[in-house]
Amino acid sequence: MQTRIIRTIDEQALRDAGQIIRNGGLVAFPTETVYGLGGNALLPDAASEIYAAKGRPSDNPLIIHLANAADAEGYCVTSPLFYRLAEAFSPGPITMILPKKDCIPSTVTGGLSTVAVRIPQNPIARALIAAAGVPIAAPSANTSGRPSPTTADDVLEDMNGKIDMILDGGPCDIGVESTIVSLRDDQIVLLRPGAVTPDMLRSVCPELLFDDLSMRKLADGEKPMAPGMKYRHYAPNAAVILLNGDREKIVAFLRGTAQDRSVGILADGADLMGIVSKENEIVMGDGQNAGQIAANLFAALREIDRRPQIRTVYAALPKKDGIGLAVYNRLMKASGFTVIDL
Ligand code: TXA
Ligand code: MG
């Protein structure tokens, strides 16, 4: 299959893309978080095509993307809590899990009786949903296990020849995937941290719970509430090791390894820059700013694989405040939960 990449998105391109999705094809598109790999959420086969293109296990459910919170009524059983959260945070980087209605095929939900719903803010994503005229099922548009794509070229790297079209909307603003909450029995449980932070969620629902299985290494047989959180994710070929301790100790540790040509640094601040050679240094941010690091994180993880001399890459363990919790979660997974306490 020839994958068309559309760099200038006009009305015609959106009409074509919408038609491809409606008719069962696949279109990758930008959202404010990461690029999604979209298919018609009402067609059982479209979900199978998405799983095939990603090489993703089909028990890992997809998020359906809608233009408006009011549209959710047609596809899932909503609740006052859903509308409270939607009012506060959507359109935006939050996904809510609710009981599904019959029109959503079980291929989309990996056999679950619930469905994940998100109302994205990115204008191209919104225009595409409108043009398709159907809810769009979309996981992140990466090959399963790789970092999520934050540019159209990242998508092309993984999906060339496997999907019909890629809409290039430039780099994604946020850079890490949406916050996921489960709303079962009117309880709110955080399944995946993102740009809608725990404090923001608590401002609407003080009784926020955490699925801690999504945040730590799983023992045999343990299952997080979001099936996708059990898979090894984001891992480059090099070993990722996180350093926990004062910045001075981290700098001293890294200086001690600097002579080793196989060591790379994922720098989150100016103090970690200039320790190894430029070829072995990948900069995520210069001021320990969690928002900036989130925006650059996945590109940095992809970059490691373009520097094959790097066999071990170190990063400072992120602070868990605000969107830092999302960065912490993604880096923990990329490292296979490997942390050195200094
Ligand atoms: O920001 C995002 O959420 C991006 C953009 C494209 O919208 N999408 C995304 O999708 O990250 P994906 O498929 O890579 O991650 C979806 C996560 C998976 O961990 C999946 O297991 C979980 O959501 N999930 C989906 N439906 C679920 C359900 N019914 N119950 C529990 N977890 C669910
Ligand atoms: Mg994903």
When the residues of region 266-289 are filtered to those that are surrounded by 15 or more Cβ atoms within 10 Å (Cβ to Cβ) and among the acidic types (Asp, Glu), which remaining residue is farthest from Arg306 (Cα to Cα)?
Asp271
Tell me the residue from Val251, Val263, Val240 that is surrounded by 16 or more Cβ atoms within 10 Å (Cβ to Cβ) and under 20 Å from Ser140 (Cβ atoms), please.
Val240
Give, as residue ranges, the strands (runs of 3 or more DSSP E) completely inside region 36-143 that count at least 3 residues that are farther than 17 Å from Ile180 by Cα.
36-40
Could you tell me how many of the residues in region 211-258 are within 16 Å of ligand 1 (Cβ to nearest atom) and either part of a loop (DSSP other than H, G, I, E, B) or basic (Lys, Arg) (or both)?
15
Going by the conditions given, is Lys162 in contact (Cβ under 8 Å) with a residue 60 or more places away in the chain and charged (D, E, K, R)?
yes
Kindly provide the set of residues from region 211-230 that are loosely packed, with under 13 Cβ neighbours inside 10 Å and either closer than 25 Å to Leu183 by Cα or aliphatic (A, V, I, L, M) (or both), ordered by number.
Asp212, Arg216, Lys217, Ala219, Gly221, Glu222, Lys223
Out of curiosity, is Pro206 more than 23 Å from Phe298 (Cα to Cα) and part of a loop (DSSP other than H, G, I, E, B)?
yes
Residue that is surrounded by the most Cβ atoms within 10 Å (Cβ to Cβ), among those in region 79-133 that are free of Cβ contacts under 8 Å to residues at least 24 places away in the same chain and of a type in the set (D, E, K, R)
Glu87
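Every number in this text was worked out from the coordinates using simple rules, so none of it is lab data. The model shown is predicted, which means the values in this text are computed figures rather than measured ones. Here the Cβ is made from the backbone with ideal geometry for all residues, glycine too, and neighbour counts use every protein chain on show.
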